[in-house]
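The values are calculated or read from the model by the stated rules, or taken from the named source; none is laboratory data. Please read all numbers here as calculations on a predicted model, not as lab measurements. For neighbour counting, all protein chains shown are included, and Cβ atoms are generated from backbone atoms with ideal geometry for every residue, glycine included. Surface accessibility is based on the protein's heavy atoms, side chains included, excluding ligands, DNA and RNA. Shrake-Rupley method; radii C 1.70, N 1.55, O 1.52, S 1.80 Å.
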Amino acid sequence: MNRLYDFLRRHPTWVDGCWAFVLVISSILVVAEVSYEGPEEGGLIATVLLGVVIMLRRRWPAHMLGLAIVTGLFQFWADVHPIPADFALLVITFTVAARPERWPSRMGLVMSVAAPALSAMRWPTSEEESLPSRVISAIFLAVAFCLAWVLGDSLRTRRAYYAELEERAARLELERETQARMAVAAERARIARELHDVVAHNVSVMVVQADGAAYVLNSAPEQTLNALKTISGTGRQALTEMRRLLGVLRTEESQVSAQDYVPQPGVEQLADLVDQVRDTGLPVEFRIAGTPRPLPSGVELTAYRIVQEALTNTRKHGGPDAGAMVTLEYGGEALTVLAEDDGRGAQQELYEGRGADGQGHGLIGMRERVGMVNGLLVAGPRPGGGFRISATLPLSGGD
């Protein structure tokens, strides 16, 4: 059944041709009867013309409307009485009303009003039929024509509505694809920033270890060897992260895969980070207050990056005798990250910008990260010397 329906939809002219054949045969039988009052030749001509109207109405609706009007006028002039093929006038009225072109539809509406009136005046039901009876007959016939026009116009409106829905759906799909591409680009930029911080941290560790190794090269060979091992391992890690950074920046959208993204660190990796910083010679006290529990991934990553940036700044600007303290406090609705040092601190234009060498993200990056989780960041010089960074990160997604 579905195949038959699809076939009929693909060949509408054949379907209309079958209906035209039925109407033509019916009209020929009527015209051939002895009781038919009109001219037989005129009836056959009108039948053929109206059959053409039915068969080609979907291919050329405006032209077939004109042919129907000409045929109707011919019937009026040649006194061709109504025949079954006149049903084509109703059909063509419906067809032009269902099309988006408006002028054929308006012309069909005019024909819907004029044709019944002309038919009632030209061919009354009987010689004794009164004028009111003719008017009533014309009204009923006009209602039928107008109903056909209204149905066609309703179909046109529904088609236009569905077309608008399809266009809107296509537009929304395009917008979703655009947003997806923008999200991918933003994610790649974010990952590039993450990897940039990791590489900068590793390189900073390598510089500190190299300076320490050069200082104790002759007096403490074992410490020099440990420092060189740390430099080697950190350098390999930095090279790996640099390759990933370049891969993220160069890879096309369609080729981005999970292996291009580094696993995001969390609070569980803070102990390793503190140990790594201690190995560089910076004393760091790390403590946890409250009961540790699972945290949202965004909060964990933000906490890790804040501590990493704070310790990096302490190494850069704290001075030779600086010490740092990192505290994680698990509250009922928020995680508080406190990172402070007792060094000399950095100048305001440095810690509010991108670092002394222009390569760090400074407080700007911290504010962006804290703002992403609707948290609160307070940073500035500490009373008595040094620098303090305090971040309150809500755990419920609220402010």
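Things to note:
- Surface listing: Y215, Y161, Y36 arranged by accessible area from highest to lowest gives Y215, Y161, Y36, probe 1.4 Å.
- The candidates H81, H63, arranged from most to least accessible area with a 1.4 Å probe in the full protein assembly, appear as H63, H81.
- Full extension of the segment from N226 to A186, taken as 0.36 nm per residue of separation minus the current Cα-Cα distance, would add 10.4 nm.
- R287 accessible area, assembled protein chains, probe 1.4 Å, Å²: 110 Å²
- R0 of 45 Å, Cβ-Cβ distance E40-R176: FRET efficiency to nearest 0.05: 0.10
- At most 16 other Cβ within 10 Å, DSSP loop - GluC sites (Glu not before Pro), the range 26-62: E33, E37
- Surface share of carbon and sulfur [accessible, 1.4 angstrom probe, percent] for the range 1-123: 70 percent
- Distance between the 7 Å Cα→Cβ label points at A169 and R102: 2.8 nm.
- Rough spin-label spacing in nm, given labels placed 7 Å along Cα→Cβ, for R382 and D79: 11.8 nm
- Cα-projected label distance for F140 with L118, points at 7 Å along beta-carbon direction, nm: 2.2 nm
- List H201, H317, ordered by accessible area with a 1.4 Å probe, largest first: H317, H201
- The range 6-83: trypsin sites (Lys or Arg not before Pro) falling in loop per DSSP and having at most 15 other Cβ within 10 Å: R58, R59
- Probe 1.4 Å, protein heavy atoms only - accessible area per residue of the range 39-95 in square angstrom: 45 Å²
- Rounded to the nearest 10 Å², the accessible area of V207 at probe 1.4 Å: 80 Å²
- Tensor-based shape of the range 1-109 (alpha-carbon gyration tensor, a/c under 1.5 rounded, otherwise prolate or oblate): oblate
- Accessible area per residue was computed with a 1.4 Å probe on protein heavy atoms; C18 scores about 90 Å².
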